[in-house]
């Protein structure tokens, strides 16, 4: 098992504790990707020597980062501190992609969200053309 897979396995077992750390009064403010966009990201997910990455051209990667950052800022303006939630295989690659633009935003996988929490969807990241 490579280090990234090991980290993801540990994160899934600790998931309820990880997600609870970002919740306020049992409520987790969440931003997610529009399903078609998330599916297209899964299709371009690749594994390299330094872990998983998204095989995107620069303009598409920039558009995704810009749309995600914009949604995060919009939610933060309401006083919330959202987490970005995505499919488990994408979590690491999304963290790498967005780290410099939105380092303060935790990236969680759906598998990490504890059943004890109430999920409040604060926003959905979309692109006009969601194909990647």
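Please treat every number below as a calculation from the coordinates, not as lab data. Since the model is a prediction, treat every value here as computed from it, not as a measurement. All Cβ positions, even for glycine, are placed from backbone atoms using ideal geometry, and neighbour counts span all protein chains on display.
Computed extension length for residue 50-residue 12: 11.6 nm, one decimal, from 0.36 nm per residue of separation with the Cα-Cα distance subtracted. Test of understanding: what is the full-extension gain from residue 70 to residue 20, defined as 0.36 nm times their sequence separation minus their Cα-Cα distance? Residue separation times 0.36 nm, minus the Cα-Cα distance, leaves 15.5 nm. Counted over the chain, the DSSP beta bridges are approximately 30% antiparallel. With helices as the sole contributors, the chain gives -12000 deg cm²/dmol at 222 nm; each DSSP H run of n ≥ 4 counts as -39500 (n - 2.57), and the sum is divided by every residue. Size check on the stretch 3-125: the Cα extents along the three principal axes, sorted descending, read 40, 32, 25 Å.
As a length-normalised measure over Cα pairs under 8 Å and 6 or more apart, the relative contact order of the chain settles at 43 percent. The spacing between the stretch 10-33 and the stretch 72-127, judged by their C-alpha centroids, is 10 Å. Shape summary: the stretch 3-61 maps onto an equivalent ellipsoid whose semi-axes, from the alpha-carbon gyration tensor, are 26, 18, 9 Å in decreasing order. Where in the stretch 3-28 does the label zone of residue 99 land, with the point 7 angstrom along Cα→C-beta and an amide N cut-off under 20 Å? Residues 3-12 fall inside that zone.
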